[in-house]
Amino acid sequence: MGRTDCDRMRERVSLELDGELSPHGSSLLERHLSRCPACAGFASDARRYTTLLRSAPLEQAPVVVLRRRSARMRLSMGIGAAVASTAAAALVAVSTLSFAKPSGDHPRAVALNFAPPAAVVERASGGIVGLRHPSAAPATPAPRLGLQNSSRNGLFDS
């Protein structure tokens, strides 16, 4: 929804009160105010409130005293920050090294380190299919239906 002419003129009232309106803008504003009683009332109220606010005496801001932290507190915060940043760096290093590619035929073998010790790894000709609990029945292979899996782009070719 676009701005109306009254919205623009009310902005000009504010500019005029701050002394930032050009002579041309001032003449456009006066012409609009002579034809629009709603905007004329707004301008009258704005001028009255601005005069009241600008004539009011300035008050001094209250003095706020902030306590300085003790040297012991500053030292403990610095040590805490150093320990936290060292721990974060160590976590990044360990996670980066944990997910590195292992040497060998199975590039996904690192994931097996996270499997429970009793889990059975199900393998297929293309690599690891998944994990199952030892008491669970082995998964039956899906029927082939003449489609072969193209592992390069994830599409099925007939």
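Side notes on the structure shown:
- Within the stretch 16-48, the residues that satisfy the criterion of being in contact (Cβ under 8 Å) with a residue 24 or more places away in the chain, within 14 Å of Cys6 (Cα to Cα), hydrophobic (A, V, I, L, M, F, W, C) and assigned to a helix (DSSP H, G or I) are Leu33, Ala38, Cys39, Phe42, Ala43.
- From the list Arg74, Arg47, the one residue that fits, being among the basic types (Lys, Arg) and modelled with pLDDT of 90 or more, is Arg47.
- Residues that are part of a helix (DSSP H, G or I) and open to solvent by 100 Å² or more (accessible area, probe 1.4 Å) within the stretch 49-72 comprise Tyr49, Leu52, Leu53, Arg54, Arg72, listed in sequence order.
- If you go through the stretch 1-28 and keep only what is surrounded by 13 or more Cβ atoms within 10 Å (Cβ to Cβ) and either aliphatic (A, V, I, L, M) or closer than 19 Å to Thr51 by Cβ (or both), you end up with Met9, Arg10, Arg12, Val13, Ser14, Leu15, Glu16, Leu17, Leu21, Ser26, Leu28.
The values are calculated or read from the model by the stated rules, or taken from the named source; none is laboratory data. These numbers come from a predicted model, not from an experiment. Don't worry about glycine lacking a Cβ; one is built from the backbone with ideal geometry, like all the others, and counts go over all protein chains shown. Accessible surface is based on the protein model in full, side chains and every heavy atom, while ligands, DNA and RNA are left aside. Shrake-Rupley method; radii C 1.70, N 1.55, O 1.52, S 1.80 Å.
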